[in-house]
Amino acid sequence: MTVHSEERPGHRGIEHASDEVSGPHPVGTKVRVLVVLLAVVTGVAAALAAYITGTHVGASGAERIVWAAATFVATTTLAIVLAEKTGLIE
């Protein structure tokens, strides 16, 4: 049913049958897997960068590994939390 703007006082413009804003759509399994995969790949890249930085600043082997592991965990967690906050995954 279409209601014309003349019939509703204070309303301008063209009425459409679906004026309501649609809610969030359910996220499929493929999207969840891709988001987690992207988070892990981002974490690996950040860990590699931290390891290389540790090599350049002269840290010992154990320190470089700890820096890389901590960076991986932090970056992956941040990517997952951001995906949850933006509604990409639930």
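No value in this document is a laboratory result; all are computed from the given coordinates. Remember, it's a predicted structure, so these values are computed and weren't measured experimentally.
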Length gained if Val44 through Glu90 is fully extended, taking 0.36 nm per residue and subtracting the Cα-Cα distance, is 14.2 nm
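Could you compute Rg(Cα) / (2.2 N^0.38 Å) for region 30-89, with N its residue count? Provide the component values of the computation, followed by the final result.
On the way: Rg = 13.4 Å, N = 60, 2.2 N^0.38 = 10.4 Å.
Dividing the Cα radius of gyration by 2.2 N^0.38 Å gives 1.28.
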